[in-house]
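J.: Here's a structure for you.
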Amino acid sequence: NENCLYLEKYFRLICSFRGAVPQGLVLELGETVQILEKCEGKHFSLLQGIFPANYIHLKKAIVSNRGQYETVVPLEDSVVTEVTATLQEWAVLWKQLYVKHKVDLFYKLRHVMNELIDLRRQLLSGHLTQDQVREVKRHLTVRLDWGNEHLGLDLVPRKDFEVVDSDQISVSDLYKMGRPQFRCNLLYVLRGIIEHRMAAFECRMLLNDSKKGPPHLHYRRPYGCAVLSIMDVLQSISEIKEEKDFVLKVYTCNNENEWCQIHENIIRKSSTKYTAPSSNYGLIISLQLLRGDMEQVRRENPMIFNRGVSVTRKLGFPDVIMPGDIRNDLYLTLEKGDFERGGKSVQKNIEVTMYVLYADGEILKDCISLGSGEPSRSAYHSFVLYHNNSPRWGEIIKLPIPIDRFRGSHLRFEFRHCSTKDKGEKKLFGFAFTPLMRDDGTTLSDDIHELYVYKCDENSTFNNHALYLGLPCCKEDYNGCPNIPSSLIFQRSTKETFSVSTQLSSTKLTQNVDLLALLKWKAYPDRVMDILGRLRHVSGEEIVKFLQDILDTLFVVLDDNTEKYGLLVFQSLVFIINLLRDSKYFHFRPVMDTYIQKHFAGALAYKELIRCLKWYMDRSAELVRQDHIQEAMRALEYLFKFIVQSRILYSRATCGMEEEQFRTSIQELFQSIRFVLSLDSRSSETLIFTQAALLNSFPAIFDELLQMFTVQEVAEFVRGTLGSMPSTVHIGQSMDVVKLQSIARTVDSRLFSFSESRRILLPVVLHHIHLHLRQQKELLICSGILSSIFSIIKTSSLEGDVVEEVEMMVESLLDVLLQTLLTIMSKSQSQEAVRGQRCPQCTGEYVSCLLSLLRQMSDTHFQHLLDNFQSKDELKEFLLKIFCVFRNLMKMSVFPRDWMVWNSYFSLAVLFINQPSLQLENATPAKRKKILDKYGDMRVMMAYELFSMWQNLGEHKIHFIPGMIGPFLGVTLVPQPEVRNIMIPIFHDMMDWEQRKNGNFKQVEAELIDKLDSLVSEGKGDENYRELFSLLLLEKIEQETWRETGISFVTSVTRLMERLLDYRDCMKGDETENKKIGCTVNLMNFYKSEINKEEMYIRYIHKLCDMHLQAENYTEAAFTLLLYCELLQWEDRPLREFLHYPSQSEWQRKEGLCRKIIHYFNKGKSWEFGIPLCRELAIQYESLYDYQSLSWIRKMEATYYDNIMEQQRLEPEFFRVGFYGRKFPFFLRNKEYVCRGHDYERLEAFQQRMLSEFPQAIAMQHPNHPDDSILQCDAQYLQIYAVTPIPDNIDVLQMDRVPDRIKSFYRVNNIRKFRYDRPFHKGPKDKENEFKSLWIERTTLTLTHSLPGISRWFEVERRELVEVSPLENAIQVVENKNQELRTLISQYQHKQMHGNINLLSMCLNGVIDAAVNGGIARYQEAFFDKDYITKHPADAEKITQLKELMQEQVHVLGVGLAVHEKFVHPEMRPLHKKLIDQFQMMRSSLYHVSWFSFNITEQFLCSFSGFFSEKNGDGCNLNNTVPLFFSKIPEMVAGKYC
């Protein structure tokens, strides 16, 4: 139909459609459809139905497996997909809740579903930061789990919101993930962090009101106030990402005297104290909530900050002050004042003016800020309250005063009466002041300060500030100045007061005397010890605020006199470290870390810190009071950080001096640690606390030690320390717990993740656990430690060898684990629950530990276990234990009792369906009809029974996965459509049940792929089965929450079947070796890259190698086997028997492979590829001192070098082949390859070979790329032409003295790029000189892999097309010919070619004869013509280059003739004479050109100096060669040397 539009898009229903039309498709809201056709406003979907086009919404999607049964996967987050599917599933169940009258759950679920929809919308918006996305996903998964649990659906174990892979984690970890019960309240998240008191944005409006005064004066007067609740703001903008406008009503104050409290009155809604606006007006502000720290907000919202947004800092300090954060802000609040009338009948209009003045009386500029974003100023003017002698301002001003100006500065407040009746002058009547820093160096305290008011008038001068600075500023100051002269200029007004409050936010100034004394300790040299001792009395807030300065000071004091102050500094450091352990200051630990890494400079401190720490530990056995020792133990982590960083600094400064002394001191320190732990603490409670503090801190020092010592050295330190702990479990229960907790933290540390350290630490860890398990003590802690160990070993087993570690655990744990489980189970049954002997969770914990251990054990471990039993009685006792444990587990109803019967039933049914007598397809038509008429197809009936029995299993299906996957797959491969339709959906059921239990279907995937390979290779399956398998499973999976992974899996299996069927068809037919090899390569790469099945990949490597050997492609066979060799390492890890390989070590197998590969490279004459392997083997033999093998391999390598120089090798030709049309196999269809031809094989022979391999193919006669009509046709088209290799290694090809036999190899090997040139004429062809319009279309092909490789042909990965102009083509032709001549002449000069000189004769004759009869002369006519030069000014440089190359060719030909004359046979003299004559004609024809001159380069002459040195004995001396050359050329041309 010409009106149909074929689409490949993914749509979602936005409105339900009931399909009430012919061929109508019933669709529900939210379902997804894939459009096949669009016709007259209706769509046709994949299910062959129609529906209105406006009922759907387009969604972006990926179309995979293009074709009739393609897969469409939406482009969205997997969590979004899960939410969508879950909501659709819940929708049905939600309606059922209403029908069943479960009203409470009905409304709760509706609320949760609405929240899911809202959160899903946020996730889809794409406007969230990474932190916000993570938070939204957390909320989504919590709600999903809540709903699934309450609806009785399965819960999925997750890790970071993703379903866990059970194959990648230990059984213990899987058990811990499945253990928590998802008990959630409907109220999931606290909506905000706002307290229930009202918070507000306040906006006070102060107008310049001068209506009653002179027009040139301006006063700040109160007008109105607007307030906005932060709680209301956050509730309305927290869920949106854009700005939102808010309208603030402006209220006016009824009484100006209460102006300072108007916003509180508005918040409290005291409406009698303010007046609402008469009309609907106010302020409109736009707010937007931004999440993240300041750097993140700036980075994600640059446009906002480009608009001049001001950043307001917190009034006070943030939670954490990082080193380098410098701040010095003084916040001053103008509180109130009380002033006299001064003889006036009415009260004053008082304005306060404030200045900041330095010690010299200078007013500091720009040190007053009235608000964030406002420009700083030098003076502050308060607002004026009308006729008020007791004004209350409540206005905050920030004073950002530079630190260097703070000392000596003071604030001066001037009070003026603003009269409206006089001339408008503001009359000064008093002032107050206060210094910013006291005499002792501390700053103004954070408090309300009531300042004295001094009388003055406009005539008073403040030029001499010393006149008032000597006066007391407040009552406290007055008490310190008892004798004040009365005859001063300024007199205090005793009845007037003025109050301000201050708050200092400074990282450099303090209000604490003791802290200031420490920071300025050099001013008090006699009090240093007292100052250090008083540090404990400084508040924690001050210490963390000045943390960097305090630490710097302590280490400077330590460097000043280590012997005198060392212990006090150590104690102070311990005090500060322990202060940061307090929960109040714990978030300052990153500050300490940053300081140590970036700012700490105490390079000598480590010596004293180690000495003090050791001194404390050594005295632990003597002292009764050990508080200070325990504090030092608690500070151990940061003490070691300081020690290690100090040593690093010292090592950098001294290039590693005193390294041995440092190591010795650390070893001695660990001896002291072991001494403390080895002390008997049963009689000393104080010592118990010391040991507990040490054990708690000990694991935290491992990472620091790893910076200075190797993993093995640190592990030895730790093993010795843990080994020094008493082995008995009777040292006290509390100490037992501490000891095991220390071991647990050791196991969880980074040190334990290294296999080298685990082998050292495991024995001592297992020793302590063994003791506790044997005594049945602290079982819960022990199970946690074991779970961590198994988790680490499981993770490590994916990357390396853990045989030795598993062996240790088997020897130490297996028996005691079984005994522990038996004890727990027996006590559980007898209801004996005693703390320390049994915990409710212990049974599951230890079952998972036992399963983890058994899962990690290999055949070797089991064999060693059996070998270790000394007698049959011991073996019998062990077997009884393990049987008893498993019997008890079976009694716990983990499996149904009759599952073995069910398993037998399924096996019998599968055998019945597959029996040969029921395969009706193999019977004759008559026999088939007779059986069907009488019995029907019994396979179909049994398939229905099998399916019915499977459905009856219910939740027990999981126990038949993966065991029944292979048998059921065999049934589905029976060529009976109805059987396939019945049985294939069971795989979906298996995937679903495993997904529910494990969160994935890895077992189904692995088993299905393994069995499919073997069954298809046996001849089962066909193309119809592949299509049906994909169609049925995709239809089922489409409705699942895990459909994305399910679709991906089904797609992979479908593509695997395509390749397996192609492979089987190639193998069973009379196909050529090339087809079989190509198909095998395709399948092998699929196993490696797409489904990562290493064992299958290795199997097909060997199948491919055998095919190459059969075809005598020895080089390709070597490269193929090399793939397996590269998977192995030079290690002694034991390998099981596999294919034709016996049980052997990994080293032995790799050695055997290397020898075989070298042999194949030798047979393929690819010695250059074999030499690196010879060297690799030589290194291994040398490291093992196997000199016999070393001698053999070295001789082999030498033989290969001889072969390269002596044996003749042919250079193969390369051909590009395009396979076009849908009739080609899948791996060839519409692809192009480059093939490496056989020896002596030319283009015609290769074309015939390809056409014989594909007899139905049609050879294309042109090299143009085919159009879609050919690509999509049901035919086969072959397009073949020769291509030229482009070598990668150009350097060796340009070396003159390298023999041609070596160069020959690099010209045709390791080639990934190939070139094909197609000449054409652009524009009208010049009949007189075709070179003028002769262009070259150059196609460069890049392959997926280099040739030679694992195949003789590889697919083209990329093609590049460029056009070469006639001039550029001429340059390349001349340049290539010059290079060819130089190479050939050089070979004869250096006697690399002997005897026959025909090659040189033909080359010279070809160049000279072409030049005489056209050749260079044609180029000269085409490009040196004045018209061409005028029309192509841009080609001037290229024309010059062509001239130089022609000139060079003349020189090369001259030298070539000289060499030819030397070696020519007498019978060939006439030819030589002819060449000389033609050369003279050629030179004469070019001689008249102005550019012809013999300016030969030094490099060029050097290459020919050998000839002249032989003639004249002058060596390679250019001074002699140049004149000789020019003198000989005319004689050569004249024929003197002929």
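J.: If you keep only loop residues by DSSP, which GluC sites (Glu not before Pro) in the stretch 1080-1131 have at most 16 other Cβ atoms within 10 Å of their Cβ?
T.: Within the stretch 1080-1131, the qualifying GluC sites (Glu not before Pro) (loop, at most 16 other Cβ atoms within 10 Å) are Glu1090, Glu1112, Glu1131.
J.: Okay, next question. Can you give the net charge of the other residues whose Cβ lies under 9 Å from the Cβ of Val352, counting K and R as +1 and D and E as -1?
T.: In short, -1.
J.: Name the shape class, rounded, prolate or oblate, that the alpha-carbon gyration tensor gives for the stretch 603-674, where a ≥ b ≥ c are the square roots of its eigenvalues, rounded holds for a/c under 1.5, and otherwise prolate holds if a/b is larger than b/c and oblate otherwise.
T.: Prolate shape, in that a/c is at least 1.5 and a/b is the bigger ratio.
J.: Count the net charge of all other residues whose Cβ sits under 12 Å from the Cβ of Thr1340, scoring Lys and Arg as +1 and Asp and Glu as -1.
T.: Net charge in that neighbourhood comes out at +3.
J.: Put a dot 7 Å past each Cα toward the Cβ at Lys1163 and Arg652; how far apart are the dots in nm?
T.: Between Arg652 and Lys1163, the label points sit 6.1 nm apart.
J.: With every protein chain left in place and a probe of 1.4 Å, what is the accessible surface of Ser1017, to the nearest 10 Å²?
T.: 70 Å²
J.: Give the calculated FRET efficiency between Val803 and Asn1376 to the nearest 0.05, with a Förster radius of 56 Å applied to their Cβ-Cβ distance.
T.: 0.40
J.: For a 19 Å ceiling on Cα separation, which of these pairs sit above it: Lys348/Lys427; Lys827/Lys876; Lys108/Lys159; Lys314/Lys545?
T.: Violating the 19 Å Cα-Cα cut-off are Lys827/Lys876; Lys108/Lys159.
J.: Excluding Leu97 itself, what net charge comes from residues whose Cβ is under 11 Å from its Cβ, given Lys and Arg +1 and Asp and Glu -1?
T.: Charge balance near Leu97 sits at +4.
J.: Please identify every one of the GluC sites (Glu not before Pro) in the stretch 917-1022 that sits in a loop by DSSP and has no more than 11 other beta carbons within 10 Å of its own beta carbon.
T.: Of the GluC sites (Glu not before Pro), the ones in loops of the stretch 917-1022 whose Cβ has at most 11 other Cβ atoms within 10 Å are Glu1018.
J.: Moving to a separate point now. Kindly write out, for the stretch 1030-1035 in residue order, the coupling ³J(HN,Hα) from the Karplus curve 6.51 cos²θ - 1.76 cosθ + 1.60 (θ = phi - 60°), rounded to whole Hz, with x marking Gly and Pro.
T.: After applying 6.51 cos²θ - 1.76 cosθ + 1.60, I find 5, 5, 5, 6, 4, 5 Hz.
J.: Considering the options Ile1311, Pro1299, Asn1264, tell which one lies farthest towards the positive end of the dipole of the stretch 1261-1322, charges being +1 on Lys and Arg and -1 on Asp and Glu at the Cβ, about the Cα centre.
T.: Most positive-ward Cα: Pro1299.
J.: Would you kindly find the accessible area of Phe575, with a 1.4 Å probe and non-protein molecules such as ligands, DNA and RNA excluded, rounding to the nearest 10 Å²?
T.: Taking all protein chains as shown, Phe575 has close to 40 Å².
J.: Could you sort Leu798, Leu1173 by accessible area so the largest value comes first, with the probe set to 1.4 Å?
T.: The residues order as Leu798, Leu1173, largest area first.
J.: Now for a different question. Here are some pairs, Lys137/Lys1036; Lys475/Lys495; Lys1075/Lys1223; Lys607/Lys739; Lys1020/Lys1223; Lys564/Lys607; which of them have Cα atoms lying more than 19 Å apart in this structure?
T.: Lys137/Lys1036; Lys607/Lys739; Lys1020/Lys1223
J.: Using bins 5 angstrom wide from zero, how does P(r) for the stretch 1001-1116 break down, in % of all Cα pairs?
T.: So the P(r) values, bin by bin, are 2, 11, 20, 23, 18, 12, 7, 4, 2, 1, 0.
J.: Can you sort Tyr1277, Tyr1141 by 1.4 Å-probe accessible area, starting with the largest?
T.: Ranking Tyr1277, Tyr1141 by accessible area, largest first, yields Tyr1277, Tyr1141.
J.: Give the shape of the stretch 574-633 as rounded, prolate or oblate, defined through the alpha-carbon gyration tensor: a ≥ b ≥ c are the square roots of its eigenvalues, a/c under 1.5 means rounded, and otherwise the shape is prolate if a/b is larger than b/c and oblate if not.
T.: oblate
J.: Next question, about the same structure. Given the protein chains as shown and a 1.4 Å probe, how many square angstrom of His1345 are accessible, to the nearest 10?
T.: So the heavy atoms of His1345 present about 100 Å² to solvent.
J.: Show Ser1252, Ser16 ordered by accessible area, largest first, where the area counts protein heavy atoms only and the probe is 1.4 Å.
T.: Ser1252, Ser16
J.: What FRET efficiency do you get for Lys249 and Lys522 if R0 is 56 Å and r is their Cβ-Cβ distance, rounded to the nearest 0.05?
T.: Approximately 0.40, to the nearest 0.05.
J.: Testing the spin-label approximation: label points 7 Å from Cα along Cα→Cβ at Lys1156 and Ala1434. State their distance in nm.
T.: Modelled inter-label distance: 5.9 nm.
J.: Same structure, new question: Which shape class applies to the stretch 1070-1201: rounded if a/c is under 1.5, otherwise prolate when a/b exceeds b/c and oblate if not, where a ≥ b ≥ c are the square roots of the Cα gyration tensor eigenvalues?
T.: Oblate shape, in that a/c is at least 1.5 and b/c is the bigger or equal ratio.
J.: GluC sites (Glu not before Pro), restricted to the stretch 410-477: which are DSSP loop and have at most 15 other Cβ atoms within 10 Å?
T.: Glu425, Glu458
J.: Right, next: Just to verify a number: FRET efficiency for Phe862 and Thr710, C-beta to C-beta distance, R0 = 35 Å, to 0.05?
T.: So, using R0 = 35 Å, E works out to roughly 0.50.
J.: Another question, then. Please give the length that would be gained between Thr353 and Asp627 if that part of the chain were fully extended, namely 0.36 nm times their separation in residues minus their C-alpha to C-alpha distance (nm, one decimal).
T.: 93.0 nm
J.: Which order do peptides 735-747, 650-662, 865-877, 804-816 fall in by mean Cβ count within 10 Å, highest first?
T.: In decreasing order of mean packing, 735-747, 650-662, 865-877, 804-816 become 735-747, 804-816, 650-662, 865-877.
The values are calculated or read from the model by the stated rules, or taken from the named source; none is laboratory data. If you're wondering where the values come from, they're calculated on a predicted model, not measured in any experiment. Because the Cβ atoms are built from the backbone with ideal geometry, glycine has one as well, and the counts that use them run over all protein chains shown. To get the accessible areas, we keep the full protein, side chains included, count just its heavy atoms, and leave off ligands, DNA and RNA. Shrake-Rupley method; radii C 1.70, N 1.55, O 1.52, S 1.80 Å.
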